[in-house]
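First up is the structure itself, then whatever we jot down about it.
The values are calculated or read from the model by the stated rules, or taken from the named source; none is laboratory data. Small disclaimer: the values here were computed from a predicted structure and weren't measured. Glycine gets a Cβ as well: all are built from the backbone with ideal geometry, and neighbour counts include every protein chain shown. When the accessible area is computed, the model is the full protein with side chains, heavy atoms only, and any ligands, DNA or RNA have been set aside. Shrake-Rupley method; radii C 1.70, N 1.55, O 1.52, S 1.80 Å.
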Amino acid sequence: ECDTIIEIGGQDAKFIRLEGESHLDFLMNKVCAAGTGSFLQEQAERLHVNLEQDYSPLAFLSASPVKLGNKCTVFMESDLVHYTQRGYALHDLLAGLSYAIAGNFIDRVAQNRPFGDNICFQGGVAANASVKAAFEHLLRKPVFVPPYHKITGALGAALLAREANMREEFSD
């Protein structure tokens, strides 16, 4: 039922639009690693926050997320340092970072292409509930995170390989 895939891993991000069993559109981040898992991990460490346990619960406490530039890691980091130095609350910084990651994906990876109604979020960053919530707020649509979101892409590739192998065996 999935018609749009948001995949954000440690080093890259992908946007995939599907219709039936074929893809309509595929885009991947180019040079910039803004919004990838490694960037999120670095910023959590900079803020002395455990990414897996504390990040999302803290971010959900925010009533006014800071506005970070979402075009480039350098600008995001610069804005984050600026807001930190000005004494903004940790939860507002984390929430702002979640929105910056989602906004970066929509603007830079998906390049403002339309999202379908059945959106699947996979990759390691999908474990971050506050990034998922930021996507839902910005897209104004629900976003589904599968239980095996970290390996969904690998599972799909394995199924395609098995299917290709089976076709090859039956054609001989």
Are any of the residues in region 156-168 open to solvent by 90 Å² or more (accessible area, probe 1.4 Å) and either of a type in the set (F, W, Y) or within 19 Å of G96 (Cβ to Cβ) (or both)?
-> no
Close pairs from region 59-87: first without any contact (Cβ under 8 Å) to a residue 40 or more places away in the chain and more than 17 Å from Q41 (Cα to Cα), partner open to solvent by 90 Å² or more (accessible area, probe 1.4 Å) and part of a loop (DSSP other than H, G, I, E, B), Cβ under 7 Å, at least 6 apart | V66/Y88
Among the numbered conditions (1) at pLDDT 90 or above; (2) surrounded by fewer than 18 Cβ atoms within 10 Å (Cβ to Cβ); (3) assigned to a helix (DSSP H, G or I), tell me where P146 comes up short.
-> (3)
Which one of Q53, Q11, Q111 is open to solvent by 60 Å² or more (accessible area, probe 1.4 Å) and at positive phi?
-> Q111
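Taking the conditions exactly as written (small (G, A, S), touching a helix residue (DSSP H, G or I) at 6+ places or on another chain (Cβ under 9 Å) and surrounded by fewer than 21 Cβ atoms within 10 Å (Cβ to Cβ)), does A102 satisfy them or not? If you could, list the steps in order and put the result at the bottom.
Details: small (G, A, S): yes; touching a helix residue (DSSP H, G or I) at 6+ places or on another chain (Cβ under 9 Å): yes; surrounded by fewer than 21 Cβ atoms within 10 Å (Cβ to Cβ): no.
No: the conditions fail for A102.
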